[in-house]
1. Per residue, what volume in Å³ does the Cα convex hull of region 135-184 take up?
2. If we count every other residue with Cβ under 12 angstrom of P80's Cβ, Lys/Arg +1 and Asp/Glu -1, where does the sum land?
3. May I ask you to evaluate 6.51 cos²θ - 1.76 cosθ + 1.60, the Karplus curve with θ = phi - 60°, for each residue of region 57-71 and list the ³J(HN,Hα) values in order in whole Hz, giving x for glycine and proline?
4. Can you report the principal axis dimensions of region 19-117 using only the alpha carbons, biggest first, rounded to whole angstrom?
Amino acid sequence: MRAPPPAPVVVENVNFDSITLMRWTVDNEPHSWPLKKVGPILWDGYARFDNVSNGGLWLSANADGKTYWGQAYDSLNRLPYQTKMDRPGSDIQIQTKLDGIYRVRFNAQTRAFRIEAASTDATETMPADTPEQIRTWTDTRGRTVEAKLISVKEASVLLENASGAILEVPLNALSPDDQAYAKERRAP
């Protein structure tokens, strides 16, 4: 007697034009932060929260609302927060205080989701609305690093190199051109 053929493996579509972190406040006010595709299935981005301790978060793809991920059985009550998202899934309920800039990472294939504080300094500012690209930063001694700008503080900048390491560099240690570049991107 022959065994029945194995069931076909269903492969989830992981090719999306965009993925956005979404948030509704308790007053039904929407907020969104686009993530940047950093690999075939990896997405990365930053979100600013101002004294938030409730509401819900989810990820949405392709701006049509038909593809989305959430996690109904786990609450964002700790940082860093990691979970495996459900598709479709209910909102992740926020049950901890979020105040500052947070890094968001998502693997569209494994559905691994992570959110963590980008820095312990809540006074830092987001870069301009346009996503920052990796560029060459030069210090006053002529040393260089390939990194993208994450935020600008009063006396320093946060940079992220290609491997994901976060570097805090004193603003006055950068070349005059790079100081000007960073100051232009500081939020008013």
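What follows draws every value from the coordinates through simple rules; no lab data is involved. Everything quoted here is computed from the prediction, not taken from an experiment. Reconstructed Cβ throughout: ideal geometry from the backbone, glycine too, with neighbour counts over all protein chains shown.
1. Enclosed volume per residue, from the Cα hull, is 64 Å³.
2. +3
3. Going residue by residue, I get 10, 7, 9, 10, 10, 6, 6, 9, x, 7, 10, 8, 10, x, 8 Hz, with x marking Gly and Pro.
4. Principal-axis extents of the Cα atoms in region 19-117, largest first: 34, 25, 23 Å.
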